[in-house]
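Beneath this line is the structure, given in structure tokens, with notes to follow.
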Amino acid sequence: MNIWKTSDMGSYNPSRKDGNPPLKISDLGYIDYTKSTSGEWKGVVISHRTIINQMRMVSTILSTSPDIQTPVVRPTNKQSRVRNSMLSTLDCRGSIGMITSILYSVFSGNLLVWLHPKTAEIPGLYANMISTYRISILLSDYDILKTIAYNYQSFPQSTRTFSKKKVDLSSVSWCLIDSPTVDCEFNDVLSDRWFKPLGHPNSRSIISPILSLPEHGGTIISMRDWYG
């Protein structure tokens, strides 16, 4: 192991005539470590070009909803306001969780609210977070959403009386569910027995399962859009 002493490195003082040297940036963005189908760990190399392509693709798909504001890639002072609010329970350290929450929030200027998956076990907390922050994009998986929806079926008053404010989920424009398979039966339950009773007027159109490839850094293969 090599130990570098910063006190021995001196200081950097470029001359005004020469200016700053050109910045060299490699094409490597980051390495995402994930498990393959056989259970072996593998490192997926993600380039800057791949990241930008992913961000543009997500922006294009999400913008098909009439309720989603178009993100500003390089906002000026007059355009630096938060466009949309995102609530995620996915792991933000890699794969689809990093792409759709951390990286996309930086790219679009959205507000990201992250909740630990264990919070789904507290009846009413998830719905009240959506209502409080006026969340427009949800990022989750079926396990967490099933826990939330079935808790509401068993104890609806725990959600409605969780705080003094009335729960209102009408701000949600997308409910993105990371899953390799689509559970159509639960989608109906989530729409008609959770979103609709809690104030969403168009609950069937917002649910969108996402197919992503963890072995390729969480690359999104397919998801729903408003074009049909």
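Segment LEU111..THR64, full-extension length gain: 15.0 nm, with 0.36 nm per residue of separation and the alpha-carbon distance subtracted. Surface composition of segment 122-202: carbon plus sulfur atoms hold 52% of the accessible area, using a 1.4 angstrom probe and ignoring ligands, DNA and RNA.
Can you work out D for segment 79-228 in µm² s⁻¹ from Stokes-Einstein, where Rh is the Kirkwood radius over C-alpha pairs, the temperature is 37 °C and the viscosity is 0.692 mPa s? Taking Rh from Cα pairs, D becomes 210 µm²/s. Note on ARG56/ASP18: beta-carbon distance plugged into 1/(1 + (r/R0)^6) with R0 of 45 Å gives a FRET efficiency of 0.75. Once both labels are positioned 7 Å from their Cα atoms along Cα-to-Cβ, the gap between LYS118 and LEU213 label points is 3.5 nm.
Go ahead and collect, in residue order, the members of segment 186-216 whose backbone nitrogen is under 19 Å from a label point 7 Å along the Cα-Cβ direction of TYR30. Flagged as within label range: 212-216. Once the gyration tensor of the Cα atoms in segment 154-228 is diagonalised, the equivalent ellipsoid follows with semi-axes of 28, 14, 12 Å, ordered largest first. Rolling a 1.4 Å probe over the protein chains gives HIS116 an accessible area of about 100 Å². In the context of the full set of protein chains, residues of segment 163-214 present 48 Å² of accessible surface per residue (probe radius 1.4 Å, heavy atoms only).
Ordered by solvent-accessible area of protein heavy atoms (1.4 Å probe), largest first, the residues PHE155, PHE107 come out as PHE155, PHE107. Computed with a 1.4 Å probe on the full set of protein chains, the accessible area for THR64 sits at about 20 Å². Under 20 Å from a label point set 7 Å out along the Cα-to-Cβ vector of SER179, the amide N atoms of segment 135-161 belong to 137-154.
The values are calculated or read from the model by the stated rules, or taken from the named source; none is laboratory data. None of these values were measured; they are calculated from a predicted model. No Cβ is skipped: glycine too gets one built from the backbone with ideal geometry, and neighbour counts run over all protein chains shown. Protein only, heavy atoms only, side chains kept; ligands, DNA and RNA dropped before computing areas. Shrake-Rupley method; radii C 1.70, N 1.55, O 1.52, S 1.80 Å.
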